[in-house]
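Structure first, then comments.
Nothing in this text is a laboratory measurement; each read-out follows from the coordinates by a stated rule. Note that the structure is a prediction, hence the values are computed from the model and not measured. Positions of Cβ are backbone-derived with ideal geometry, glycine not excepted, and every protein chain shown enters the neighbour counts.
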């Protein structure tokens, strides 16, 4: 029988810029009763919000839209909303594709916004070092989470934007399923699954920003590991680098210019659309 246990302790103080977050999290967890105190093989989950606060990523921003622009590397999709700021899905400086570049205006003083940590993997390594020293553990994982939407799915989940001491994925390629069929493409995002599961006990407004996950020890290692950065899909493998409206607009513009970069059939369709051609092409 497999078992997964997750708990989120109360008692972490309000985090302010300059706080030693690793020390504060270690103090919190070291003070738990023995059954709940982390042990070798456990994973400690920390929200990016408190990491950003400790690292001074709180910035004055009367205009959140400008902060989003400043954190944007590439606009993936943009949708205008009457009476509201535009909805922007962008790639931010971490390579993450997120709404609003991950800029957060909740649970922060008026007139300020929170930016994501500069290097969440490095933040996870720092927290892990503090936990290892304080708790005397040789194998403990740390996951830094943030909330994100998902293509083709409503609602939000937490994902891992940083990790240390834990394999970010479980590569099942080369193994077989229960019927003996070979698995050719299955790679599980272990740290994303841990991040999402931990949010169920942390909650969004409870003030519990740290959770302990027990039962994933087979993924926890004695070294820091590659971090969550490896989960960012490369541009060569990204089939959806633009929103549909943006891709369509670019295609129409290329068609009008007679772009030779487009396959002949695609160029033909775009030219018909631009000229108001066959309704089935629209």
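Details
- Counting neighbouring beta carbons within 10 Å and listing from fewest to most, the residues 97, 59 come out as 59, 97.
- One entry in (1) 150; (2) 180; (3) 250 is volume of the Cα convex hull per residue in Å³ calculated from the shown coordinates; its label is (2).
- Which of 55, 65 has the fewest Cβ neighbours within 10 Å, and the rest in rising order: 65, 55
- Calculated [θ] (222 nm, deg cm²/dmol) that DSSP helices of n ≥ 4 give over the chain, each run adding -39,500 (n - 2.57): -8500 deg cm²/dmol
- Helix 190-202 axis, angle to the chain major axis (alpha carbon atoms, nearest 10°): 70 degrees
- Length-normalised contact order for the stretch 16-150 - Cα pairs under 8 Å, 6+ apart - percent: 34 percent
- As a length-normalised measure over Cα pairs under 8 Å and 6 or more apart, the relative contact order of the stretch 59-114 settles at 36 percent.
- 0 to 90° range, to nearest 10: angle between helix 244-256 axis and the chain longest Cα axis: 30 degrees
- Shape call, the stretch 50-178: gyration tensor on alpha carbons, a/c limit 1.5: oblate
- Order by protection proxy (mean Cβ within 10 Å, highest first), peptides 33-43, 74-84: 33-43, 74-84
- The ranking of 183, 21 from fewest to most other beta carbons within 10 Å of each one's beta carbon is 183, 21.
- Gyration tensor (alpha-carbon) shape descriptor, the stretch 103-217, a/c threshold 1.5: oblate
- Sequence-distant contacts, meaning Cα pairs under 8 Å at least 6 residues apart, place the relative contact order of the chain at 23 percent.
- Whether the stretch 72-117 is rounded, prolate or oblate, judged on the alpha carbon gyration tensor where a/c under 1.5 counts as rounded: oblate
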